[in-house]
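These notes are about the structure you will find just below.
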Amino acid sequence: MIALPDEDWRKRFRRRLLDWYRRHGRDLPWRGSRDPYLVWVSEIMLQQTQVETVKPYFARFVAAFPTIEALARAEEDQVLRFWEGLGYYRRARQLHQAAKQIVADHCGVFPRQPQAVAQLPGIGRYSAGAILSMAFDAHEPILEANTVRLFSRLLAFRGDTLSSQGQRLLWAMAEALLPSRYAGRFNQALMDLGSEVCTGQTPHCGQCPVAALCLARQAGLETEIPTPKKKPAIQSLHEAALLVRRRGRVLLLRQPEGQRWASLWDFPRYQVQAEHPAGLAQELADHVRGQLGIVIEVGQRVTTLRHGVTRFRITLDCYEAKYVSGAKSLRGASSLETRWLRPKELAEYPFSTTGRKLCHWAG
C-alpha cells in the first residue's frame, strides 16, 4: 500500500506550488470573478474540452445568459444553440435543468452546502469541489484528469487510476495536500501545473517546481506513469442524411433521448448498408417511411462529410429528397418531434457540427 507524504513534504509542496502559480498561473476569463455561476459554467464547459476551445463559448454563453435566473428562463433550444459545436450536449441540458432547480429550490442563489450542490444535475464530486473552493474558498479537494496525472507521478502510483483502490488513494492525496486557507487558489494551481507542466507522455520536469519531490521522477518513471489506458477499437460507420423538401421547406426532426445528439435538431439521418445507388435510395426511402410515415423520392448526393464521434469514424453522405405523400404535419405518424422549416429559419435551431454544415446545402 502506498503511503501518503508526511506533513513536512506537504508543506514544501504547497509552498513551491503556490510560488510557481503566482508567476505562471494562467489568465483565464472565468478567474476574474468569484461569482459561483461563472465558475460553475466554466467548470461544466471544461469537462472533456480544451481550455482554448472553451474561451469563446464561455464569453458568448454568459453574455446571452448572464445570471442563473436568465439561464433558467431560457428555452432549451436557445441554450443548445449557444452550446452548438462544443459537444457533449448533455452538459448543456443538465446545466439548464440545474439552473431551474436552483431558482425553484434556492431562490436563484447558487447553494454553498456540498450536499445541495451534489444534488444538482450534472455535478459530481469533482465539479462540486471545484465550484465551492473557487467561488467560496470552501475546504474541498478536487480530482480531475490533470491532478490524477500529477498525483500519480508524485506518488509513483502505477496502478489503475480508475479502480476503487486508485480512486481512494488519489482522493486521499487531494485531501491531504489541501491547505487550510485559499483552497480555491491551491486547486487552480494544481490544475495549471498538471495542464502546463506535468503533461501527458512528455512532462516538462525541468520546469516543474516540485520535481525534487516527485517519486516517479526519482525512479525515472515519469513517462510511464500513469499507466496508459487501452484505446477502444475504432469502428467505421456509413450514414446518410436527407434534405427532404416540400413547397420550399425542409424537414427537421429532434433527436430523441438516448440518441447521439439528444435534443438537437437534425435532418433525417440513418446508418446504411447498401452500396449501390439504387439499393441505397430504396433503403433510405424505407427508413423514412418506417420512421415518419411519409413517402419520399431520393435524389442526387450533394455532399459527403467525414467526422469522428468518440470511437466511431463516420462517412456521412447527404442526399436531396422530395416529399411525395403521407401525413404532411407528421403529427401522430411518429413519436418524434418534427418540423417543416424554411431554410432561413434553420439558423434559429441547434444542430450538431455536421448538421450545421448540412444547413448550407439546405439553403
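Here the spin labels are modelled as points 7 Å beyond Cα on the Cα-Cβ line, and at Phe136 and Ala116 they lie 0.7 nm apart. For the chain, the pair-distance distribution built from all alpha carbon pairs, in bins 10 Å wide starting at 0, is 5, 20, 25, 21, 16, 10, 4, 0 percent.
At 222 nm, what value in deg cm²/dmol follows for the chain if DSSP H runs of at least 4 each add -39500 (n - 2.57) and the sum is divided by all its residues, to the nearest 500? Don't skip to the end; give the middle numbers.
Details: 14 runs with 160 residues, N = 363.
After summing the helix terms and dividing by residue count, I get -13500 deg cm²/dmol.
When the GluC sites (Glu not before Pro) in the stretch 136-235 are filtered for DSSP coil states and for at most 11 other beta-carbon atoms within 10 Å of their beta-carbon, no site remains.
Dipole check for the stretch 7-218: with +1 at the C-beta of Lys and Arg, -1 at the C-beta of Asp and Glu, and the Cα centre as origin, the magnitude is about 680 Debye. Axis angle, to the nearest 10 degrees, between helix 277-292 and the longest C-alpha principal axis of the chain: 80 degrees.
Return one number: the angle in degrees, 0 to 90 and rounded to the nearest 10, between the long axis of the Cα atoms of helix 36-46 and the longest principal axis of the Cα atoms of the chain. The helix 36-46 is inclined about 70 degrees to the chain. Angle of helix 125-136 to the longest C-alpha principal axis of the chain, folded into 0 to 90 degrees and rounded to 10: 70°. Taking a straight Cα-Cα cut-off under 13 Å and skipping sequence neighbours fewer than 8 places away in the same chain, the aspartates and glutamates within cross-link reach of Lys55 are Asp27, Glu43.
Determine the distance separating the Cα centre of the stretch 206-245 from the Cα centre of the stretch 115-141; give it in Å without decimals. Using only Cα atoms to place each centre, the spacing works out to 26 Å. For the stretch 7-218, pairs of C-alpha atoms spaced more than 26 angstrom apart make up 36 percent of the total. Kindly state, to the nearest 0.05, the FRET efficiency for Ala278 paired with Leu341, given R0 = 45 Å and r defined as their beta-carbon distance. Using R0 = 45 Å, I get an efficiency of 0.90. Translational diffusion of the stretch 171-277, estimated by Stokes-Einstein from the Kirkwood radius over alpha carbon pairs at 37 °C in a medium of 0.692 mPa s, is 167 µm² per second.
Computed from the coordinates by the stated procedures, all read-outs in this text should not be read as laboratory data. What you are looking at is a predicted structure, and each value in this text was computed from that prediction instead of being measured. Quick reminder, even Gly has a Cβ in these numbers, built from the backbone with ideal geometry, and neighbours come from all protein chains shown.
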